[in-house]
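Quick notes on the structure that follows.
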Amino acid sequence: MTNDIRFDDGAAYERYMGAWSRLAGDTFLDWLSPESGLRWLDVGCGNGAFTEMIVDRCAPASVHGIDPSEEQLAYARARLSPDIAEFRAGDAMALPYDDRAFDAAVMPLVIFFVSDPAKGLSEMARVVRPGGTVSAYAWDMHGGGFPYHALQSELREMGVDVPAPPSPGASRVESMQGLWAGAGLDAVETSEITVQRTFADLGEYWSTISGGPSVARTLGAMSGDALATLRERLRERLPADAHGRIAYEARANAVKGTVTRARP
């Protein structure tokens, strides 16, 4: 497998993953049930889809987002006022923030993209005050929970090399539990999130994946005949209802823990 996954188009990412992110994010925030007035850090904020949910749902005192892609950050800055959210480029494994600067740090749909998840989690715990919350949710990559698992499966069966993130195993529940416990976080809890998205027809699904950051280059390198074969395989694998609509599920794992309170 290759690891040639780049997120450099905020609009394309929004079509490809934004809707999925909001579906899972709503359920995640219901489960997290955060207090209002918190100082938030969104690690791997991408184009700001989840950051916007924090603003809309959590009445934060402040929100900071960090991501390595300047193109994604440009999209995020366009969707949220700088008076509400501050975005900057940076690395999840070397967060450019002071110790205890936030009340809550979250990593939405990102942990499998971090080459050293334990280091990323250590950094999140460092920048959250004692008693604050460190949380994440991630598509269950090894368990078939990724929204485009069917697409990836069909590509692999056709002998096509599918780009893969560096740490897909980090999205498993047992891995998350181990990471959070290993970081010394207290009251660690996990939850499973299942969501469903509906496409108007195969055409809408196809146009969505064609611009997908994780597969666009792969699809662009395929011949016309191979693409036609893939489209027919997907038509068979993703049956439509009487109106042509295609609905299917994706599954994510969520985890949260509390930063150890300072000892007297």
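The values are calculated or read from the model by the stated rules, or taken from the named source; none is laboratory data. Here the structure is a predicted model, which means the values were calculated and not measured. No Cβ is skipped: glycine too gets one built from the backbone with ideal geometry, and neighbour counts run over all protein chains shown.
Structure notes:
- Any hit, segment 1-22, residues being assigned to a strand (DSSP E or B) and either surrounded by 21 or more Cβ atoms within 10 Å (Cβ to Cβ) or of a type outside the set (Ser, Thr, Tyr) (or both): no
- Of all residues in segment 32-57, those being part of a loop (DSSP other than H, G, I, E, B) and within 18 Å of the chain's Cα centre (by Cα) number 5.
- Scanning segment 115-129 for residues that are of a type outside the set (Lys, Arg) and in a helix (DSSP H, G or I) gives PRO117, ALA118, GLY120, LEU121, SER122, GLU123, MET124, ALA125.
- Condition met for PRO60 (in contact with a helix residue (DSSP H, G or I) (Cβ under 9 Å, 6 or more places away or on another chain), part of a loop (DSSP other than H, G, I, E, B), modelled with pLDDT of 95 or more and over 16 Å from ALA254 (Cβ atoms)): yes
- Any hit, segment 188-205, residues being under 18 Å from LEU121 (Cα atoms) and not polar (S, T, N, Q): yes
- Scanning segment 130-186 for residues that are over 18 Å from the mean Cα position of the chain (by Cα), more than 30 Å from THR260 (Cβ to Cβ) and part of a loop (DSSP other than H, G, I, E, B) returns MET158, GLY159, VAL160, ASP161, VAL162.
- First in segment 64-85 and under 18 Å from GLY120 (Cβ atoms), second anywhere and assigned to a loop (DSSP other than H, G, I, E, B) and among the acidic types (Asp, Glu), Cβ under 9 Å, 6 or more apart: SER69/ASP8; GLN72/ASP8; GLN72/ASP9
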